[in-house]
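Notes follow the structure.
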Amino acid sequence: MELRDKSIIVTGASSGIGAASALLFGEEGANVVLGARRSAELEKLADTINRGNGRAIFLAGDVMDENYANALVDLAVTDFGGLDGAFNNAGILGDLVQVPDMQLRNWNEVISVNLTSAFLAAKAQIPAMKKNGAGSIVFTSSFVGFSNGGMPGMGAYAASKAGLIGLAQSLASDHALDGIRVNALLPGGTLTPAGGSDPGTLEFIANLHPVKRMANATEIAQAAVFLLGGRSSFMTGSPMIVDGGMSVRLT
Ligand code: NAP
């Protein structure tokens, strides 16, 4: 029960890493506010969590909308009495094309969903955490935010994920004395709907990792529990790499 009675927002909770994390946070005793656009998936997950150790409520919306970021915080405060943590995890890959062929629309969409959403989330979350005198914020970055990893056509995605590390470090420094920790989680290739189901592509990605496999979403969720809970109390501004050795291969 690492997160017992902690009030935590999870975005991107309708699928993949976010859904597995929300489920694990619930098992660890948290009160979870679930966010994403697909409300049917959120409702199903909330039911599952509410049958276990945790409690869950959900609100569907778009992370690019500032009002939505504020509404998730309001819900945590009104229903769970405050905000202790946030796993700002929603993200998209975008079109995998090299920059000369990339449309500005694609660039803007990836930067907005992956990076501007994190700015909006933190802007809404930090005042609520200051009221608590403590808080932990985690952004889902990626190994691609640290090194390209040999993945083709990743310009916008890599820039957004590297940007999250910079944002986490700046917020960590600004809010350390408010008792608020901010870290970035850098997963390696993880088996989720985002990666599709083409066996050749999945094998290619798996083989980029020294462990010759991709993570399952729960392995990433376990790292998120650590960053949100008290056992990481001296960690802030850290890019935490959970990548099956991908970065070792590259250095
Ligand atoms: P996923 O299964 O496709 O989940 C993405 C989540 O983001 C969904 O819940 C989706 O919900 C939500 N989302 C996307 N756009 C949104 C928007 N505009 N507003 C609100 N929610 C939105 O992908 P995943 O692999 O779990 O990815 C989760 C995070 O991990 C992402 O930030 C991704 O970049 C990162 N990551 C993934 C991998 C990997 O190999 N899978 C590796 C490193 C990092 P709705 O569609 O319901 O809105």
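Bear in mind these aren't lab numbers, they're just calculated from the coordinates by the rules spelled out. For clarity, every value in this text was computed on a predicted model and none was experimentally measured. Every residue, glycine as well, gets a Cβ built from its backbone with ideal geometry; the counts of neighbours run over all protein chains shown.
Sort 212, 161 by Cβ crowding within 10 Å, fewest neighbours at the top.
212, 161
Once whole DSSP H runs in the chain are found, which of them have Cα atoms spread over 18 Å or more along the helix axis and a mean Kyte-Doolittle score of at least 0.0?
66-80, 117-132, 155-175
Of the peptides 120-126, 12-18, how do they stack up when ordered by the mean number of other Cβ atoms within 10 Å, highest first?
Top to bottom by mean Cβ count within 10 Å: 12-18, 120-126.
Greater than 24 Å separation of Cα atoms is the criterion. Which listed pairs, 6/130; 123/161; 6/161; 6/131, meet it?
6/161
Testing the spin-label approximation: label points 7 Å from Cα along Cα→Cβ at residue 48 and residue 131. State their distance in nm.
With each label placed 7 Å out from Cα toward Cβ, I get 3.1 nm.
Can you give the helix-only mean residue ellipticity at 222 nm for the chain, where every DSSP H stretch with n ≥ 4 adds -39500 (n - 2.57) and the sum goes over all residues, rounded to the nearest 500 deg cm²/dmol?
Here the helix-only value at 222 nm equals -14000 deg cm²/dmol.
Cα centroid distance between region 1-20 and region 160-178, in Å?
After rounding, the separation between the Cα centres reads 21 Å.
For the chain, what does the relative contact order come out to in percent, with C-alpha contacts under 8 Å and a separation of six or more?
Reported as a whole number, the value is 20 percent.
Can you give the Rg and Dmax of the chain based on its C-alpha atoms, in angstrom?
Here Rg and the maximum Cα pair distance are 17.0, 50 Å.
Between region 132-152 and region 34-111, what's the alpha-carbon centroid distance in Å?
Their Cα centres are 16 Å away from one another.
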